[in-house]
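Peer 1: I have a structure here, written as structure tokens, and I will follow up with some questions on it.
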Amino acid sequence: MEKCDNYVEIEKNLSGVGLHIGIVMSRFNIDVCEGLLSACACTLRKHGVADGDITLASVPGALEIPLVLQKMAKSGKFDALIALGAVIRGETYHFELVANESGNGVTRVALDSGMPIANAILTTEDDDQALARMSEKGSEAALAAIEMANLLKQL
């Protein structure tokens, strides 16, 4: 394979200094969501995002997250947004509806607005899976938001 050295590569930038981050968190399955938030906020701070540059809005459930993300994206106040929630399978079809529609909504807001949105709405089979994933996924969402905000600024 021929190597191409004549291109411009944009390096990954995980500095959150000066970035304004909006977080929308569901209150449904609150223990998991607060675990996501704790890991997310810790990682944002670790990478230089100031506490005063983080705005948290909470909503009743995962289906309400996209609407608030849309409002935040349109405000012009944020460099990136983060969606935090937990949809845990129950005995009815409702799980599929909430999981699919919340995910579709988050993606649509990102594409329609051009705003980077890190989606950390967990969709799991049970509480144990959600609890096992909350710290890692909260942290990953923070890193994705920082990286994408910086990338879009460079483009």
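Peer 1: Under a point spin-label approximation (7 Å from Cα along Cα-to-Cβ), what is the Thr107-Lys77 distance to one decimal in nm?
Peer 2: Output for this residue pair reads 2.9 nm.
Peer 1: Quick one: net charge around Val32, please, counting Lys, Arg +1 and Asp, Glu -1 for every other residue with C-beta under 14 Å from its C-beta.
Peer 2: -3
Peer 1: Further question on the same structure: Take the solvent-accessible surface of the protein heavy atoms, probe 1.4 Å, and return the percent of it on region 43-126 that carbon and sulfur atoms account for.
Peer 2: Using a 1.4 Å probe with all protein chains present, region 43-126 comes out at 50 percent carbon and sulfur.
Peer 1: With each run of n ≥ 4 DSSP H residues scored as -39500 (n - 2.57), what mean residue ellipticity at 222 nm is computed for the chain after dividing by its residue count and rounding to the nearest 500 deg cm²/dmol?
Peer 2: Value at 222 nm, helices only: -16500 deg cm²/dmol.
Peer 1: Next up: Between Leu111, Leu84, Leu131, which gets the highest mean-square fluctuation from a Gaussian network model of the chain, Cα cutoff 10 Å?
Peer 2: Most flexible of the set in this elastic network: Leu111.
Peer 1: Next question, about the same structure. Where a ≥ b ≥ c are the square roots of the eigenvalues of the C-alpha gyration tensor, would you call region 70-155 rounded, which needs a/c under 1.5, or, failing that, prolate if a/b is larger than b/c, or oblate?
Peer 2: Because a/c hits 1.5 or more and a/b fails to exceed b/c, region 70-155 counts as oblate.
Peer 1: May I pose another question? Please compute one quarter of the surface area of the Cα convex hull for the chain and express it in square nanometres.
Peer 2: Average of the hull's projected areas for the chain equals 10.9 nm².
Peer 1: Right, something else. Using a 1.4 Å probe, what is the accessible area per residue for the chain, in Å²?
Peer 2: About 57 Å² of surface per residue is accessible.
The values are calculated or read from the model by the stated rules, or taken from the named source; none is laboratory data. Quick caveat: nothing in here was measured; it's all calculated off a predicted structure. Reconstructed Cβ throughout: ideal geometry from the backbone, glycine too, with neighbour counts over all protein chains shown. Please note that ligands, DNA and RNA were not included when accessible areas were found on the heavy atoms of the full protein model with its side chains. Shrake-Rupley method; radii C 1.70, N 1.55, O 1.52, S 1.80 Å.
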